[in-house]
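Participant: Encoded as structure tokens, here's the structure I'll be asking about.
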Amino acid sequence: MKKCLILFFVTFLNFSVLAQPINVSPTQTPQQLVSNVLLGAGVVASNITINGVPGLANTPFGNIAYFTNANVAFPMTSGMVLTTGDAMGAMGPNTSGSATNPGNSQLVNTDPELNAIANGNITNGVVLEFDFIPAGDTLIFNYMFGSDEYTEFSPSNFNDAFGIFLWGPGISGPYALPGYPNGGDNIAVIPGGIPVTINNVNWVTNTQYYVFNEFPQDTYGDAVEYDGTTVKLTASASVQCNQSYHIKFAIANVFDQAYDSGVFLEAGSFSSAAVSVAVATVSGDTVIVEGCTYADFIFTRPEAQSNDTLIISYAISGSAVQGVDYNNMVNPIVFLPGQDTVILNLNPTQDGLNEGFESVTITVSIVNPCGDTVTSQGTIYLGDGPIINILESDPLVQCFPDSVLLTASASGGYAPYDFSWTTLSGAPLSSNDSVTIYATQNGVVQYLVTAVDQCNFSQTDTATVTVNQTISIDSIAMTPATCIPSGTVFAFVSGTTGNVTYTWSNGQNGQTLQNLSGGWYQLTITDQVCSASDSILVTTINAPVAAFTANPGTGCSPLNVSFTNNSSNANNYSWDFGNGQTATLPTLAPQNAVYTTDIPTGYTVVLTASQGANCQDTQSLFILVNVCDCADAEALNYNPNANVNVASMCTYPYPEVEAPNIITPDGNGINDFFELDYVNVISIELFVFNRWGSMLYSGSSNDVLVSAPKWDGTVGNREACEGIYTYTYKATGVSGAEVQGHGFFHLIR
């Protein structure tokens with residue numbers, strides 16, 4: 001019968017997880033780890049010891065532990081790990097280049113096989129040994145060696161040692177063990193029989209078997225702590241079925257106790273059968289999900305037998321139906337010469353039916369070289385798409401504008417989850433698992449939260465925020481202000497609890513404010529629970545503006561003058577003609593009413609426009625009246641024979657002009673202009689110069705009753721500098737007489 005050995009793996013491929021560390025659990029005993037984790041098909045183990053002591057195998061040992069892995073970059077999904085330090089220190093990510101974790105106190109400091117490999121004294125050693133009986137003709141298993149001695153101490157005297165030593169029928173080598181006269185051999189070697197140690201496999205020697213774990217080439221850095229590891233290696237040996245063998249797994253530090261090293265042994269890979277079936281998943285269980293995950297069935301035969309063509313048939317059973325619940329798979333499978341692996345893909349069909357878990361079992365039965373039938377099988381389960389459960393809060397908010405943090409968590413799907421928050425109308429709020437909500441209105445407000453798992457299954461739930469603020473500013477009453485501060489406001493509030501404070505934006509307190517000027521006023525009320533704010537605009541009744549014109553503005557006595565009232569924002573008007581005569585227009589009289597009176601001589605006329613008792617404005621105007629009860633000499637025709645009575649000639653007062661000697665144009669309304677003071681003048685011209693004689697201003701008026709020239713202290717829209725300035729003027733009187741003058745004045749700012 002042709003000797004053959006096939007390894008059959010079921011690998012479940014889930015969503016890509018690239019940045020997770022392995023999980024190390026130290027709770028299982030070495031006895032459990034060997035029997036339930038390491039052993040595959042076709043092997044029976046016994047006499048398990050740790051460091052040569054049988055009893056140590058029956059209690060958890062800190063340097064030996066179970067590991068699982070969800071990081072697809074790391075090539076083992078589960079297994080057991082042996083370390084020179086505490087096994088928990090093997091977990092990634094790789095954040096230390098010199099991890100040293102004290103392990104079990106019962107470690108060994110001598111081992112003849114390790115001393116021979118390391119060429120030095122060992123420390124912190126852990127040795128796992130057991131006897132086994134293979135069912136096939138080949139022993140095979142997978143392992144990886146890693147260390148924090150990389151890369152600083154490779155190569156060096158700190159050559160942390162590792163070996164897998166095998167004794168039994170057909171095995172010979174340099175390692176002596178009582179009961180095995182031919183000695184034993186180290187099967188933890190790379191091609192050429194080179195033992196796997198730090199000095200033999202590193203970044204400069206046998207680099208094809210070495211993996212960097214340090215930045216920036218941290219291939220496995222997120223999974224394990226070690227700075228460097230080997231690739232996944234396969235140890236194998238030719239054995240005789242149904243014969244007893246002894247194997248030793250040993251690892252230790254050399255010369256010192258620092259910088260941990262470890263060896264990973266892949267779950268289910270220690271096997272010796274025609275077919276070995278192992279089930280391994282990225283997620284750590286045996287379930288694949290419709291529409292999300294799939295499984296690869298990996299058939300592997302030993303490399304030593306890969307030169308032959310091999311045909312293997314397998315049986316499929318279980319509650320799932322091939323071609324309905326999952327795809328059709330090729331049966332039998334064929335290994336071609338040179339091929340040691342065949343992969344079959346199982347892809348579950350997403351049918352949308354709630355069928356519960358359905359099983360698929362692969363069974364392979366082959367007769368081994370000893371004539372025994374060895375049967376191995378692996379089972380996987382097909383699961384429906386998960387129902388995601390979202391847990392979120394429904395808080396109560398007491399006050400505006402308090403905020404509340406809404407937080408959601410999800411379960412039932414395939415973590416991690418992506419969350420999104422929106423309003424009921426779909427407006428986005430947050431893409432995190434939480435969102436801050438500010439209370440803007442009383443009552444119930446709802447928000448939507450959606451969780452999407454790594455299989456793209458989603459669930460949406462509603463979060464409810466209840467706002468229960470009772471305090472309220474219902475309204476604010478207002479009385480307008482006039483031209484003096486006379487406005488009032490009064491606040492009407494409700495829903496308060498206990499004492500209430502009223503705070504206005506002008507610094508005053510109280511429910512009522514008086515004597516207010518026009519403008520906006522904001523009120524904040526606060527009770528023992530909440531606060532509320534509102535504002536009110538105090539309007540202003542426009543102040544009166546007195547204005548009138550006189551026609552004519554000058555003439556001979558007696559002069560009949562009509563005054564036109566052009567005032568605004570007033571409802572009462574009072575005249576004073578300067579000679580004891582007064583007049584008051586009715587309250588409801590038209591604003592532009594005309595009042596006519598005789599002015600016998602020159603007087604200043606004053607109009608007072610008012611609205612109420614305390615709001616008024618005035619304007620004054622000088623009416624020039626001349627005594628004209630005689631002939632105007634300039635109006636007589638010249639007759640050399642005529643007699644002219646000088647006594648009957650008209651006389652006019654001479655024009656007089658005065659100028660200020662200082663101005664202060666600072667905008668306060670007092671002394672802001674350089675302007676002339678005059679009497680008996682009907683027209684005037686004014687010129688202003690700087691000290692170098694450059695003219696800065698010129699102005700004139702032909703009717704000073706309408707307007708008069710004045711300088712505002714600027715040159716080209718820019719303020720003139722302080723200093724001394726000169727001026728000239730020319731004024732014309734009623735009689736036509738002209739008067740000229742000049743002088744200087746000071747400009748002070």
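Participant: What residue, of Ser236, Ser283, is among the small types (Gly, Ala, Ser) and either outside any loop (DSSP other than H, G, I, E, B) or modelled with pLDDT of 80 or more (or both)?
Facilitator: Being among the small types (Gly, Ala, Ser) and either outside any loop (DSSP other than H, G, I, E, B) or modelled with pLDDT of 80 or more (or both) holds for just one of Ser236, Ser283, which is Ser236.
Participant: Among the residues of the range 485-542, count how many are buried (at least 17 other Cβ atoms within 10 Å of the Cβ) and out of contact with any strand residue (DSSP E or B) (no Cβ under 9 Å at 6 or more places or on another chain).
Facilitator: 1
Participant: Still on this structure, please answer the following. Quick one: how many residues across the range 118-151 are of a type in the set (Val, Ile, Thr) and not in a strand (DSSP E or B)?
Facilitator: Qualifying residue count for the region: 1.
Participant: Give the residue, chosen from Ile251, Ile247, that is part of a strand (DSSP E or B), at pLDDT 85 or above and closer than 16 Å to Glu149 by Cβ.
Facilitator: Details: Ile247 fails: closer than 16 Å to Glu149 by Cβ.
Exactly one of Ile251, Ile247 is part of a strand (DSSP E or B), at pLDDT 85 or above and closer than 16 Å to Glu149 by Cβ, namely Ile251.
Participant: Out of all the residues in the range 470-484, which are among the β-branched types (Val, Ile, Thr) and either surrounded by fewer than 17 Cβ atoms within 10 Å (Cβ to Cβ) or modelled with pLDDT under 80 (or both)?
Facilitator: Thr470, Thr479, Thr482, Ile484
Participant: Oh, and also: Search the range 31-76 for residues being on the phi > 0 side of the Ramachandran plot and in a loop (DSSP other than H, G, I, E, B), and hand back the single one that is nearest to the chain's Cα centre (by Cα). So that I can check it myself, show each step before the final result.
Facilitator: If we filter the range 31-76 for residues that are on the phi > 0 side of the Ramachandran plot, which is where we start, we get 42, 47, 51-52.
Next, only the ones that are in a loop (DSSP other than H, G, I, E, B) stay: 42, 51-52.
On the way: Gly42: 57, Asn51: 54, Gly52: 58 Å.
The qualifying residue nearest to the chain's Cα centre (by Cα) is Asn51.
Participant: Which condition from (1) outside any strand (DSSP E or B); (2) of a type in the set (Gly, Ala, Ser); (3) touching a Leu at 6+ places or on another chain (Cβ under 6 Å) is the one that Gly507 breaks?
Facilitator: Answer for Gly507: the failing condition is (3).
Participant: Counting only residues that are assigned to a loop (DSSP other than H, G, I, E, B) and not aromatic (Phe, Trp, Tyr), how many does the range 321-369 have?
Facilitator: 26
Participant: Could you check the range 648-749 for strands (runs of 3 or more DSSP E) lying wholly inside it with 3 or more residues that are among the charged types (D, E, K, R)?
Facilitator: Fully inside the range 648-749 and qualifying: nothing.
Participant: In contact (Cβ under 8 Å) with a residue 60 or more places away in the chain, assigned to a strand (DSSP E or B) and of a type in the set (S, T, N, Q), is that true of Ser574?
Facilitator: no
Participant: Condition first: surrounded by fewer than 17 Cβ atoms within 10 Å (Cβ to Cβ), over 23 Å from Val625 (Cα atoms), in contact with an Asp or Glu (Cβ under 9 Å, 6 or more places away or on another chain) and small (Gly, Ala, Ser). Can you find one or more residues in the range 666-682 that meet it?
Facilitator: Checking the range 666-682: not a single residue is surrounded by fewer than 17 Cβ atoms within 10 Å (Cβ to Cβ), over 23 Å from Val625 (Cα atoms), in contact with an Asp or Glu (Cβ under 9 Å, 6 or more places away or on another chain) and small (Gly, Ala, Ser).
Participant: When the residues of the range 299-355 are filtered to those that are aromatic (Phe, Trp, Tyr) and under 22 Å from Val367 (Cα atoms), which remaining residue is modelled with the highest pLDDT?
Facilitator: The qualifying residue modelled with the highest pLDDT is Tyr314.
Participant: Right, something else. Residues that are under 30 Å from Ser393 (Cα atoms) and in contact with a Phe, Trp or Tyr (Cβ under 7 Å, 6 or more places away or on another chain): does the range 484-502 have at least one?
Facilitator: no
Participant: OK, next. Just name the residue that is nearest to the chain's Cα centre (by Cα) out of those in the range 423-441 that are surrounded by 15 or more Cβ atoms within 10 Å (Cβ to Cβ) and more than 11 Å from Ala463 (Cβ to Cβ).
Facilitator: Ser430
The values are calculated or read from the model by the stated rules, or taken from the named source; none is laboratory data. Remember, predicted model here, so these are calculated numbers, not experimental data. With ideal geometry, Cβ positions are generated from the backbone for all residues, glycine too; neighbour counts draw on all protein chains shown.
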